[in-house]
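As structure tokens, the structure follows; a few thoughts come after it.
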Amino acid sequence: MACSYFCTCSLLICSLLAFLVSGSQIQKTFLPVISFDEGYTQLFGDDNLAIHRDGKTVHLSLDERTGSGFVSQDLYLHGYFSASIKLPADYTAGVVVAFYMSNGDIFEKNHDEIDFEFLGNIRGKDWRIQTNIYGNGSTSVGREERYSLWFDPSEDFHQYSILWTDSQITFYVDNVPIREFKRTESMGGDFPSKPMSLYATIWDGSGWATNGGKYRVNYKYAPYVTEFSDLVLHGCAVDPIEQFPKCDNTESSEAIPTGVTTVQRIKMESFRAKFMTYSYCYDRVRYKVPPSECVINPKEADRLKSFDPVTFGGGRRHHGKRHHRSRAGHVEAISI
């Protein structure tokens with residue numbers, strides 16, 4: 001790709017992501033929310049995709065026939081991408097809802113990917129969120145992190161957002177950063193750097209999503225319906241053929257974060273201390289030496305080691321009773 005392609009995008013993204021209102025949450029009303037037809041097209045699922053509320057809310061369904069999904073009309077090189085999502089309730093084991101960026105349809109052998117994945121569970125157990133990052137086809141190095149939440153994501157809409165620049169990726173839940181991933185020189189091409197489309201899907205992940213495939217989708221509870229609203233595509237659109245950026249939308253750029261503020265970092269550290277249940281950086285089984293981009297936080301390491309001494313500490317697993325705190329015990333935990 002030509003130098004002007006990246007230079008123009010970098011300059012525009014710098015102006016687009018001008019500044020963040022100090023320490024406060026981003027107000028949805030400041031962001032250019034679009035209708036489905038303005039920015040997306042159906043990916044698969046036939047009538048399992050339904051558009052509601054003047055075209056600004058989309059329902060995706062999973063039943064015995066098929067899942068469903070949609071994809072952005074444009075490719076993007078960097079930007080801020082967001083949606084308010086309400087997940088299915090009740091028994092959802094094996095169900096996967098994904099909100100992610102990828103270019104796997106264009107770069108089959110060296111694709112990039114930035115993932116939010118929502119993993120269903122059996123009745124009485126909570127949904128879990130997983131984030132993951134691939135660059136240049138580096139799928140052999142899983143960069144997963146997994147979390148529980150301080151709310152029930154099936155009761156109401158909550159906002160999930162991805163900020164992607166040329167130097168970092170930040171994941172947000174209700175405008176609270178939950179993961180910050182910074183580009184390092186040692187990563188080489190493993191940092192996502194090629195234009196990507198934005199996707200939303202619901203599908204059957206029975207083989208792995210819940211307890212490694214122990215609990216599968218039960219279609220007695222179908223259809224499983226997830227709802228998407230407040231759709232935001234605010235970034236550098238790229239012509240897929242000419243590879244030329246079409247970055248002409250700078251309205252409301254003041255509402256877009258440039259990174260994690262001091263106040264937000266405190267909230268992020270609080271979230272991770274209480275709700276992160278897995279991080280590849282601490283997985284001693286998969287990686288005897290953490291991947292080069294990992295920054296080890298001793299507090300995170302100690303907490304995860306106590307949570308699972310085999311995976312995170314090389315210890316021996318004990319098979320006695322384990323006591324789990326309910327979400328009710330977590331309600332005050334994050335105070336955000």
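The values are calculated or read from the model by the stated rules, or taken from the named source; none is laboratory data. Remember, predicted model here, so these are calculated numbers, not experimental data. Neighbour counts run over all protein chains shown; Cβ positions are idealised from the backbone, glycine included. Protein only, heavy atoms only, side chains kept; ligands, DNA and RNA dropped before computing areas. Shrake-Rupley method; radii C 1.70, N 1.55, O 1.52, S 1.80 Å.
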(request) First compute the accessible area of the range 255-297 with a 1.4 Å probe, then give the percent of it belonging to carbon and sulfur atoms. (result) 60
(message) Going 7 Å from the Cα of Ala50 along its beta-carbon direction, which residues of the range 200-223 have the amide nitrogen within less than 17 Å of the resulting point?
(response) 202, 221-223
(request) Hey, can you find the accessible area per residue of the range 66-137 for me, probe 1.4 Å, expressed in square angstrom? (result) 28
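Sum up the charges of everything whose Cβ sits under 9 Å from the Cβ of Leu233, counting Lys and Arg as +1 and Asp and Glu as -1, but leave Leu233 out. Before the final figure, lay out each step's value.
On the way: positive: none; negative: Glu38, Asp74.
Local net charge: -2.
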(request) Subtracting the Cα-Cα distance from 0.36 nm times the residue separation, let me have the gained length for Ile34 to Trp208 in nm, one decimal. (result) 59.3 nm
(request) With label points built 7 Å along Cα→Cβ from the Cα atoms of Val285 and Ser193, find their separation and express it in nm. (result) 3.4
(request) Kindly state, to the nearest 0.05, the FRET efficiency for Ser167 paired with Cys294, given R0 = 22 Å and r defined as their beta-carbon distance. (result) 0.85
(request) Please sort 50-60, 113-123 by packing, taking for each peptide the average over its residues of neighbouring beta carbons within 10 angstrom, highest first. (result) 113-123, 50-60
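Could you calculate the FRET efficiency of Lys182 with Gln73 from 1/(1 + (r/R0)^6), where r is the beta carbon distance between them and R0 is 30 Å, rounded to 0.05?
0.50
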(request) For Thr66 paired with Ser140, estimate the spin-label separation in nm (one decimal), with each label point 7 Å from Cα along the Cα-to-Cβ line. (result) 3.6
(request) For an R0 of 41 angstrom, estimate the FRET efficiency from the Cβ-Cβ distance between Asp239 and Arg265 and round to the nearest 0.05. (result) 0.65
(request) Choose one of Gly137, Ser167, Ser148: the residue whose Cα lies farthest towards the positive end of the charge dipole of the range 124-208 (beta-carbon charges +1 Lys, Arg; -1 Asp, Glu; about the Cα centre). (result) Gly137
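Compute the signed sum of charges (Lys and Arg +1, Asp and Glu -1) over the other residues within less than 15 Å, Cβ to Cβ, of Met101.
Here the count lands on -4.
Around Asp190, what is the net charge, scoring Lys/Arg as +1 and Asp/Glu as -1 over all other residues with Cβ under 13 Å from its Cβ? Show your work: numbers first, answer last.
Values: positive: Arg143, Lys182, Arg183, Lys194; negative: Asp112, Glu113, Glu185, Glu293.
It works out to a net charge of 0.
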(request) First compute the accessible area of the range 62-171 with a 1.4 Å probe, then give the percent of it belonging to carbon and sulfur atoms. (result) 39
